[in-house]
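Scroll down for the structure; my scribbles are underneath it.
The values are calculated or read from the model by the stated rules, or taken from the named source; none is laboratory data. Not measured: the values here are computed from a predicted model. Using ideal geometry, Cβ is built from the backbone for each residue, glycine included, and neighbour counts are taken over all protein chains shown. Just so you know, the surface numbers come from the protein's heavy atoms only, side chains and all, with ligands and any DNA or RNA stripped out. Shrake-Rupley method; radii C 1.70, N 1.55, O 1.52, S 1.80 Å.
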Amino acid sequence: MTAPIKHTVQFPADRARATSFNEASARTRVELLLDAGSFVEFIGPTAREVSPHLKIFDLPEQFDDGIVVGRGRLDGSPVLVAAQEGRFMGGAFGEVHGAKLIGLLRAARALSSIPLLILFDTGGVRLQEANAGELAIAEIMRAVMEARAAGVKVIGLIGGRSGCYGGGGLIAGCCSALAVSEPGRIAVSGPEVIETNRGVEEFDSRDRALVWRTMGGKHRRLLGAADAFTDDTVEGFREAALELLGLVGAFDLDRLKAEQLRLADRLRSFGGCEDAIDIWTAEGIAQAETIPELPADQFIVLANNIGRTSRDAR
Amino acid sequence: MTLDEILASLFPDGHDVKNDNGVVFGTANLRSGHKALVIGVADRTPVGVDAAIRLSAHVLDSLGHESGPIFVLVDSDSQRMSKRDELLGLNEFLAHLAKSLIYADMNGRPTVGIMYGHSAAGALLATGLATRVLVGVPGATPAVMDLPSMAKVTKLSMETLQQKAKSTPVFAPGLANLSRMGAVHLTWDDKVSLPDQLATLLAEMPDAHDRRDILGKERGGRLKAAEIAERVRDLALHAR
């Protein structure tokens, strides 16, 4: 019977500080985010619970279906964690992938006091099992709100290669709070989807600068869609998660009404803006066009001065 | 089916539902004597930030001083695909609409989605799939992803995809496929009066527990989801 004691936890912070969250695998992110050796996975790769649908398309399966879920400790306290693997089918939601997160959220609701971290890295619905993926996302949104209503803090961390697109963006919108890094793009329709459907005049998906400033982490932080911004390291996300866990309160109707006002105010203030730079300028930022080049530490100071958050209003 | 047709056949006891550029809002009288809130999307309108914020406002305004069920009528396009919508954070607006419906459902205002036309992707998640039960009206054409787009991404021909769709409900569009997955609670019979079927549904309304994964298993569309979710839940509850 050896319960971990907070001040004796050995955390390999140096490795976490030196590791890019964006480039790391889902497993490495989880390993370095949590207290060393504390992670226990549920239905890991040895269980070989693969997608039952990919073989219809002669596509390779992955033994964890592209998501790692389990329980561990963060700064000594228990947390539930789900991490999507953006390198397997773009981290997309399929039947098994989604069901693992649903099970974790339902446990969180029953436990009520243990927070849950979602490390998003997803293009949205997995096309080859589109109906199962879409429905899994709907079930996850419902389960997030039921968990939050029971008192669970659900924190989203967004900085993976596949971003957080499609239904992933809607799940992110259901979380108690979000931390982002610069590469952490959040949107519903991806750049290529908009271009395919509406034409290159509407959105040029090859204009990477346009993609970053329309959907990237800096814009989401300045809009107040994300409450914390971090440099692209696992340690940065660990610290951001701890900070957000200390700030988030319980979900209720007042928050939902405050979110209605927050979003309506955003539409009134910025609804006529053509580009992110116009929004940043309207927020009072001088030389808004330099934002994309600004180093993380300077950007964090600037974003905190603007002070736009979704706190108590999501 | 048009909005006017579905409104006339669903609510013979009267309604004041209006359609403002595809955004649907009003109240309807039920046979039981109660009033219901009605919101929705009509005329295959895409759901962008402007439509979503109006719909969520109607739901939230109704909470607290009205009672009765909330109907969500669905004949939409996909989410509105534009630079402006994404710039303003469409994901938050759609999530907020879904959250408002989920909150209402969890707090004494049972939500019923009525899919009478089209819907897809993010618009479906924010409307019909954010309700307690989604009902299909014969002739509705929901499509999470249309086959031409899927053919482009998977690099398979339309013929190949149509062939594969015969053996599984997991990817192809349509009410029947979504029903087998457990997304559509039931499909109404167009030979029976809709008010009768609506009254039966409200009388036999299941509780707010999300059973779509179990339905999907019973109907043979999603054989693994319910079991995997239950196993993870048990492991998480017993892990130390």
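Among the residues of the range B:84-108, how many are more than 7 Å from every other protein chain (Cβ to nearest Cβ) and open to solvent by 10 Å² or more (accessible area, probe 1.4 Å)? Lay out the reasoning, then the answer.
Of the residues in the range B:84-108, the ones more than 7 Å from every other protein chain (Cβ to nearest Cβ) are B:84-85, B:97, B:101, B:104-105, B:107-108.
If we keep only those that are open to solvent by 10 Å² or more (accessible area, probe 1.4 Å) as well, we get B:84, B:107-108.
The total comes to 3.
Looking at B:Pro148, B:Pro138, B:Pro142, can you tell me which residue is of a type outside the set (A, V, I, L, M, F, W, C) and within 10 Å of another protein chain (Cβ to nearest Cβ)?
Numbers: B:Pro148 fails: within 10 Å of another protein chain (Cβ to nearest Cβ); B:Pro138 fails: within 10 Å of another protein chain (Cβ to nearest Cβ).
After applying the criteria, what remains is B:Pro142.
When you scan the range B:129-232 for helices (runs of 4 or more DSSP H) that lie fully inside it, which ones turn up with 3 or more residues that are modelled with pLDDT under 95? Talk me through it step by step, then tell me what you get.
On the way: elements: B:147-154, B:158-165, B:175-181, B:194-203, B:212-218.
Output list reads B:147-154, B:158-165.
So, in the range A:119-148, of the ones that are open to solvent by less than 10 Å² (accessible area, probe 1.4 Å) and polar (S, T, N, Q), which residue ends up nearest to the other protein chains (Cβ to nearest Cβ)?
So the residue we want is A:Asn131.
May I ask you to say which residue of B:Ala51, B:Ala95, B:Ala42, B:Ala104 is among the aliphatic types (A, V, I, L, M) and over 28 Å from A:Ala313 (Cβ atoms)?
Details: B:Ala51 fails: over 28 Å from A:Ala313 (Cβ atoms); B:Ala95 fails: over 28 Å from A:Ala313 (Cβ atoms); B:Ala104 fails: over 28 Å from A:Ala313 (Cβ atoms).
From the options B:Ala51, B:Ala95, B:Ala42, B:Ala104, the qualifying one is B:Ala42.
From the set of residues in the range A:221-277 that are in a loop (DSSP other than H, G, I, E, B) and under 18 Å from B:Ala98 (Cα atoms), which is nearest to the other protein chains (Cβ to nearest Cβ)?
Checked the range A:221-277; the qualifying residue nearest to the other protein chains (Cβ to nearest Cβ) is A:Ala225.
How many residues does the range A:43-83 hold that are assigned to a loop (DSSP other than H, G, I, E, B) and farther than 30 Å from B:Thr160 by Cα? Don't jump to the end; show me each part of the working.
Just the residues of the range A:43-83 that are assigned to a loop (DSSP other than H, G, I, E, B), to begin with: A:43-44, A:48-53, A:58-66, A:75-76.
Within this subset, residues satisfying the condition of being farther than 30 Å from B:Thr160 by Cα are A:43-44, A:75-76.
Qualifying residue count for the region: 4.
Return the only residue of B:His65, B:His58 being open to solvent by 10 Å² or more (accessible area, probe 1.4 Å), free of Cβ contacts under 8 Å to residues at least 40 places away in the same chain, more than 10 Å from every other protein chain (Cβ to nearest Cβ) and in a helix (DSSP H, G or I). Spell out how you get there, then give the answer.
Working: B:His65 fails: in a helix (DSSP H, G or I).
Answer to the check: B:His58.
If B:Asp213 passes every condition in (1) out of contact with any helix residue (DSSP H, G or I) (no Cβ under 8 Å at 6 or more places or on another chain); (2) within 13 Å of another protein chain (Cβ to nearest Cβ) but one, which one does it miss?
(1)
Give the number of residues within the range A:58-82 that are open to solvent by less than 10 Å² (accessible area, probe 1.4 Å) and more than 14 Å from chain B (Cβ to nearest Cβ).
Number of matching residues: 1.
Which residue pairs have Cβ atoms under 7 Å apart, sit 6 or more places apart or on different chains, and have a first residue in the range A:42-70 that is on the phi < 0 side of the Ramachandran plot and a second that is of a type in the set (Gly, Ala, Ser) and part of a loop (DSSP other than H, G, I, E, B)?
Qualifying pairs under 7 Å: A:Ser51/A:Gly94; A:His53/A:Gly94; A:Glu61/A:Ser51; A:Asp64/A:Gly44.
Could you please find all residues in the range A:13-55 being more than 30 Å from A:Ala130 (Cβ to Cβ) and within 13 Å of chain B (Cβ to nearest Cβ)?
Initial filter on the range A:13-55 (more than 30 Å from A:Ala130 (Cβ to Cβ)): A:13-20, A:31-40.
Within the range A:13-55, A:Ser38, A:Phe39, A:Val40 meet the criteria.
Please go through the range A:278-287 and pick out each residue that is assigned to a helix (DSSP H, G or I) and open to solvent by 20 Å² or more (accessible area, probe 1.4 Å). Even if it seems obvious, please write down each step before you answer.
In the first step, residues of the range A:278-287 are kept if they are assigned to a helix (DSSP H, G or I); the result is A:278-282.
Selection gives A:Asp278, A:Thr281, A:Ala282.
Inside the range A:168-196, can you point out the residues that are part of a helix (DSSP H, G or I) and under 25 Å from A:Ala147 (Cα atoms)? It would help to see each step written out before you state the result.
Let us first name the residues in the range A:168-196 that are part of a helix (DSSP H, G or I), namely A:168-174, A:191-196.
Within the range A:168-196, A:Gly168, A:Gly169, A:Leu170, A:Ile171, A:Ala172, A:Gly173, A:Cys174 qualify.
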